[in-house]
Amino acid sequence: MTKRIVVTGIGATSAIGGTAPENWTNLLAGMSGGRSLEHEWVAELELPVTFAAEAIVRPEEVLARPVAKRLDPSSQFALIAAMEAWADAGTPDVDPDRLGVDFATGIGGVWTLLDAWDTLREKGPRRVMPMTVPMLMPNSAAGNLSLHFGARAFARTVASACASSTESLVNAYEHLQSGLADVVIAGGTESAIHPITIASFASMQALSRRNDDPAHASRPYSADRDGFVMGEGAAVLILETEEHAKARGAKIYAEVVGGGVTADAYHITANAPEGAARAVKLALEAAGRTPDEITHVNAHATSTPVGDPNEYTALRSVIGDRVHDIPVSATKASTGHLLGGTGALEAIFTVLAVQNRVAPPTINLTTQDPEIPLRVSGDPQPLGDEPQLAISNSFGFGGHNAVVAIASVDD
């Protein structure tokens, strides 16, 4: 029997807000999270890119010091977002054996790993913290959330690069559909604004080089786009069966109606439009919907010269020419690219878009690339009063594609 899976809680921390409501308000207002980095290592290492979209609220401002000390920054952000989402959902009363965690990260504890390496080289093995491995492992966030909330159904981790947290949302949807849990804490996190990742992404010419204008550096679909902006933070959605949500009187934001996950088997960094298109089709098939019903798209749209047109090609192959009339949002222009955490944050934006009937703006769009004639605007776009069906896309290095379909709740 097909179940209805609903969103009952949201939490987020990023470069434009420390909570989900702040993120949404600042997104609609056109805020940019791109800022110059003020760390000494930027100049010391002569990094070619000197800016990023750091989380506006630092973990030490939220978490107690003993808690923060035993978590990598990526897990710190995850816990902050999850606590907000859990409270927003009304602290569900759920059997621990029926509560699961589906979480994601693209890189995991990079800060812990490299700090420990520096300590080993400079001070010797006895100074390496005993908690180093539990802090750096990619499943650290999922494990710590399971411990914090007492989730015993499962605590699973996805690491599929920039598709990671959207894939975790699809997994959560499927786990709830299959009866493995009644409630799932789902989302993703990333804290990888580190010299090694900046240097590496810059070396492959993936990052914008607009050091003199960080706030306007991420410009999806603009003819003069030159790469993405590194972001950080976390986002969490509380998903549960509609039956469980209604039994406890929970508020419902929206319904997750389907998801699709595919692999390109094409190239380790370049994406293939065919793989992305198949993920969109699978999401719609799972939802029992057609392309003609799509009313909004939150695009992956990283602001890279190759990635943006490839996503357009994929969308047009599924939706046809009607794609030019659908309001599209490219929210990384505001938040930066949270890598493994980005899909969950954009899913929250998609949930709020269908609930509030408004597509968020895409900032920094100067002259739109004529090869990508999507309906994009620097201002919020109204979605109308009719029932909404939106898709949120994520694509990652390794040829990973993940799409989640989200619908308004109108009954």
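The values are calculated or read from the model by the stated rules, or taken from the named source; none is laboratory data. Not measured: the values here are computed from a predicted model. Backbone-built Cβ (ideal geometry, glycine too); neighbour counts: all protein chains shown. For the accessible areas, the whole protein counts, side chains as well, though only heavy atoms, and no ligand, DNA or RNA atoms are used. Shrake-Rupley method; radii C 1.70, N 1.55, O 1.52, S 1.80 Å.
One table, with the values for the structure above:
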read-out	value
Residues being crowded, with 20+ Cβ neighbours inside 10 Å, hydrophobic (A, V, I, L, M, F, W, C) and either closer than 27 Å to Ile268 by Cα or out of contact with any strand residue (DSSP E or B) (no Cβ under 8 Å at 6 or more places or on another chain) (or both) - total across region 162-200	9
Qualifying residues in region 121-161 (those that are within 22 Å of Trp86 (Cβ to Cβ) and of a type in the set (Lys, Arg)) - the one least open to solvent (accessible area, probe 1.4 Å)	Arg156
Condition met for Glu22 (assigned to a loop (DSSP other than H, G, I, E, B), out of contact with any Ser or Thr (no Cβ under 6 Å at 6 or more places or on another chain) and either open to solvent by 30 Å² or more (accessible area, probe 1.4 Å) or of a type in the set (A, V, I, L, M, F, W, C) (or both))	no
One residue from Asp88, Asp95, Asp118 being out of contact with any helix residue (DSSP H, G or I) (no Cβ under 9 Å at 6 or more places or on another chain), open to solvent by 10 Å² or more (accessible area, probe 1.4 Å), touching a residue at least 40 places away in the same chain (Cβ under 8 Å) and not hydroxyl-bearing (Ser, Thr, Tyr)	Asp95
Neighbours by Cβ (under 7 Å, 6+ apart or cross-chain): first from region 136-161, under 22 Å from Trp111 (Cβ atoms) and of a type outside the set (Ser, Thr, Tyr); second part of a helix (DSSP H, G or I) and open to solvent by 70 Å² or more (accessible area, probe 1.4 Å)	Leu136/Leu113
Condition met for Pro66 (part of a loop (DSSP other than H, G, I, E, B), more than 19 Å from the chain's Cα centre (by Cα) and farther than 17 Å from Leu237 by Cα)	no
Test: residue in region 248-265 that is among the aromatic types (Phe, Trp, Tyr) and at pLDDT below 95	no
Subset tally (residues that are hydrophobic (A, V, I, L, M, F, W, C) and closer than 30 Å to His244 by Cα) for region 172-230	8
Helices (runs of 4 or more DSSP H) wholly inside region 256-346 that include at least 1 residues being more than 24 Å from Gly187 (Cα to Cα) and not polar (S, T, N, Q)	273-287, 307-319
Residue, nearest to Gln368 (Cα to Cα), within region 274-285, restricted to residues that are open to solvent by 30 Å² or more (accessible area, probe 1.4 Å) and touching a helix residue (DSSP H, G or I) at 6+ places or on another chain (Cβ under 8 Å)	Glu274
